[in-house]
Amino acid sequence: MRAIRVASAALLGVTALTLSAPAAVAKGDNDITPFGFSVVPSTVAPGGEVALLLERDHGGCTGSATVTSGVFDTITIPPRKSQATVVVDWDARPGAVYRVTFTCDGVSGSTGLTIAGGRPVGPTPVPLNPDRGVRAGEGGSFAGFDVKELGMGALLIAGSVGAAYYFSRRRAGEDGA
């Protein structure tokens, strides 16, 4: 009977630790930056237009940002701006995935831009993105956590494991085992 209680306490502790792992660690993404970035749309025909979006909300990118790729000219996004548009080269290979690298304040991150087959009939639609948008959360990154929050989380996990162990030991003493 005692082994079941100890196993339950151990399982509770392991479950708490597993569920508290941040999504960025679980995903294994190597392009974690203090600023967000994206290319919209992520698939475009040669000669099409894409928007280069930069999220500056949390101060991770305060200076000028440089965006480079083998499929368009280097673009500089000035401070206090969050987007730029660029035209993809006409000689881009259909079906190829080109790397788009965002560099700001000495930190770089990259994403892929897929080239679709055929030529565009008209301009590629690009959604309007004002300089200030909706703040939807961190998405599992470490950007919003500080040492106090991480410490409190560790204390909560340790407390739950300790309480489970204490109650399993206390009942073992009451049963006369």
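Side notes on the structure shown:
- Computed from the Cβ-Cβ distance with R0 of 41 Å, the FRET efficiency linking residue 57 to residue 166 stands at 0.45.
- Distance in nm between pseudo-label sites at residue 75 and residue 96 (7 Å out along the Cβ direction from Cα): 1.9 nm
- Ranking by accessible area, most exposed first, for 74, 103 with a 1.4 Å probe: 74, 103
The values are calculated or read from the model by the stated rules, or taken from the named source; none is laboratory data. Bear in mind that the values here come from a model prediction, so they are computed numbers and not experimental data. So basically every Cβ, Gly included, is an ideal-geometry build from the backbone, and we count neighbours across all protein chains shown. We work out accessible area using only protein heavy atoms, side chains counted, and drop any ligands, DNA or RNA first. Shrake-Rupley method; radii C 1.70, N 1.55, O 1.52, S 1.80 Å.
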